[in-house]
Amino acid sequence: MTHASKPGSSTVTSGQSTIPPTNNTVTPPSETTKPHSTQTTRTKFVSGNGVALRAAPGPKAQIIDRLDRGKKVDLLQTEGQWSRIKDVLTQKEGWVASRFLRDDEPKREQIAKPSEPTIKSAPTISPTIIIQRIIAESVTSYPGTCACPYSTDRRGRRCGNRSAYSKPGGYAPICFAQDVTKSMIEAYR
C-alpha cells in the first residue's frame, strides 16, 4: 500500500521506508574556496622628483607619465633593477627603476621642493654685471661718438687713438673692466 505524503516527509511503500527527497537548490562556493592571486601588492612611495613611469622595464622604454616625490604606488612585480607599479591615484601601471621606491612615506618637509627660508633677501647682482652696467652708462653719457678705442665714428671707422679714453686730460670714460674699482661696484649697489 502506498500513501501520499507531504513534501519533505518520508514515503512508505509496502512497509519499506525511503530517504526523504532533497532540496534541488545549489549552494554557491564559499569565499574560502575561490582561487587566490599569487601576486601580493605592497605599498611603496616614490623617492625622486619627476621619476619616469615607463611602458616596459629599461631606460629606453617609452615614458607613460612622471611621478613626483611622495607619490603612493602599489608594487606589483620586481624584475632585476625594475619594478612594475600601479599609481594609486591615477591607476596607471608601468615600470620604474627600483632605486626610486621606498617603504616609508617621506616627511612633509622632504616633499616640499624649496628648502629656502620663507624670508627672501633682495636679489644680489653679480660684480660682472655691475661692471658691464658701469661701462655702458659711462660710454652712453659721453657726448661724442668716440668714447672708447673700440667705438666707431660716424663713418664707421674704429676710433682707436682718437678716442676720449686715449687722450690725456678732459673727459675720461670708463671703457674696460680693469678700469672699474671695488669702490665703484659698492657705490653702484
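The values are calculated or read from the model by the stated rules, or taken from the named source; none is laboratory data. This one's a predicted model, so the numbers in the text were calculated from it and none came from an experiment. Backbone-built Cβ (ideal geometry, glycine too); neighbour counts: all protein chains shown. Keep in mind that these areas ignore ligands, DNA and RNA; they rest on the heavy atoms of the full protein, side chains included. Shrake-Rupley method; radii C 1.70, N 1.55, O 1.52, S 1.80 Å.
Structure values in brief
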item: Any pair with Cβ under 8 angstrom, 6 or more apart, that starts in region 145-168 at a residue that is over 17 Å from Ile135 (Cα atoms) and of a type outside the set (Lys, Arg) and ends at one that is open to solvent by 100 Å² or more (accessible area, probe 1.4 Å) and assigned to a helix (DSSP H, G or I); result: Asp153/Arg162
item: Residue in region 103-115 that is under 11 Å from Ser47 (Cβ atoms) and either modelled with pLDDT of 90 or more or open to solvent by less than 70 Å² (accessible area, probe 1.4 Å) (or both) present; result: yes
item: Evaluation of Ala97 against (1) modelled with pLDDT under 85; (2) of a type in the set (A, V, I, L, M); (3) surrounded by 11 or more Cβ atoms within 10 Å (Cβ to Cβ) (one fails), failing number; result: (1)
item: Residue check for Ser126: polar (S, T, N, Q) and either closer than 30 Å to Asp68 by Cβ or at pLDDT below 80 (or both); result: no
item: Count of region 142-175 residues which are open to solvent by less than 70 Å² (accessible area, probe 1.4 Å), closer than 25 Å to Ser126 by Cβ and not aliphatic (A, V, I, L, M); result: 3
